[in-house]
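The values are calculated or read from the model by the stated rules, or taken from the named source; none is laboratory data. Since the structure is predicted, the reported quantities are computational estimates derived from the model, not experimental observations. A quick note on method: Cβ atoms are made from the backbone with ideal geometry, for glycine too, and the neighbour counts reach across all protein chains shown. Ligands, DNA and RNA are excluded from the accessible area calculation, which covers all protein heavy atoms including side chains. Shrake-Rupley method; radii C 1.70, N 1.55, O 1.52, S 1.80 Å.
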Amino acid sequence: MSQAHVIVIGNEKGGAGKSTVAVHLATALMYEGAAVAVLDLDARQQSTGHFFANRLAWAAAKSATLPQPLLLPAIAAVDELAASLSAPADFVVVDTPGADTELSRAAHQAANLIVTPMNVLGVVDPVTLEVVRPSLYAEAVWEARKARAAGRGSPIDWVVLRNRLASTDPRNRRRVDERLTRLARRVGFRPIAGLRDRVIYRELFPFGLTVSDLTRGVRPVQVSLAHVAARQELRVLLRDLGLLAEAKAAAE
């Protein structure tokens with residue numbers, strides 16, 4: 001097996017939806033036939049770690065057959081990171097804390113793909129609402145990409161998800177999109193649509209399940225047409241991140 005493709009989910013703030021994105025990407029990739037390892041670097045919250053522990057427990061209790069990732073043990077030092085990221089898998093999905101730590105910076109530098117649920121990516125002028133300068137997180141990603149380039153490694157793809165914009169205010173959404181596009185050109189990321197803030201994601205999370213798991217035999221909550229839309233939304237995200245083709249190639 002070749003070296004794993006490292007996907008780092010990161011943001012400067014907590015509560016931006018990093019763990020939701022991490023568990024959905026990991027699960028969707030497994031359903032595409034890829035071998036997935038998961039590393040949760042958020043020692044305090046451990047939301048992703050708890051999610052997959054709950055998944056194992058739920059599957060055992062219900063005698064359900066669900067794809068399971070390789071859960072990598074928690075690490076506390078940078079010199080342990082390389083061993084974790086060389087796990088025997090096609091993809092390693094890394095959930096990082098909403099804080100600037102040495103371990104998080106090292107993970108970002110080792111990433112092939114950085115996925116950032118949109119939150120604060122720049123300092124905004126309170127009068128014009130224009131971005132004055134990139135945020136500390138954007139600067140940290142910039143430094144990680146520079147370090148990778150200096151070491152002649154492959155470039156890091158950085159994607160920002162527009163995943164929590166209110167659908168009821170199209171004018172505000174358009175304004176945010178315009179500013180995000182300008183900032184993308186300035187600091188070098190790709191803005192794409194992400195996951196909406198759906199009730200179904202919160203309903204399934206305690207069971208360790210995602211919309212990818214919902215079948216006739218796996219229905220811990222009532223299924224509706226909204227769940228079909230959520231599953232399609234996730235598949236589009238996988239495609240736009242460039243992971244769908246990679247997962248299919250890994251499964252062959």
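Relative contact order for the chain using alpha-carbon pairs under 8 Å, separation at least 6, rounded to a whole percent? Let's see the in-between values first.
Values: 415 pairs, mean separation 65.5, N = 252.
Over the chain, the number comes to 26 percent.
Straight-line reach from K248: which aspartates and glutamates have Cα under 19 Å away, leaving out those fewer than 8 places along the same chain?
The qualifying aspartates and glutamates are E32, D90, D213, E233, D240.
Could you give the nm distance between label points at A61 and T101, where each point is 7 Å from its Cα heading toward the beta carbon?
With each label placed 7 Å out from Cα toward Cβ, I get 2.9 nm.
Jot down the per residue volume, in cubic angstrom and as a whole number, of the convex hull over the alpha-carbon atoms of region 53-93.
Once divided by residue count, the hull of region 53-93 is 78 Å³.
Of (1) 28, 24, 16; (2) 30, 22, 19; (3) 27, 23, 21, which is the value of semi-axes √(5λ) of the Cα gyration tensor in Å derived from the coordinates here?
(1)
For region 146-252, I need the span (max minus min coordinate) of the C-alpha atoms along each principal axis, in Å, sorted largest to smallest.
Projected onto the principal axes, the Cα atoms of region 146-252 cover 50, 44, 22 Å.
Order R186, R179 by their accessible area, 1.4 angstrom probe, all chains in place, largest first. Walk me through the intermediate numbers first.
Details: R186 130, R179 50 Å².
These residues rank, largest area first, as R186, R179.
In Å, the Kirkwood hydrodynamic radius of region 179-229 over pairs of distinct alpha carbons?
Computed over Cα pairs of region 179-229, the Kirkwood hydrodynamic radius comes out at 13.3 Å.
So, in nm, how far is label Q232 from label A149 when the simple model puts each one 7 Å beyond its Cα toward the Cβ?
Output for this residue pair reads 4.0 nm.
Taking the solvent-accessible surface of protein heavy atoms with a 1.4 Å probe, what is the per residue accessible area of the chain in Å²?
50
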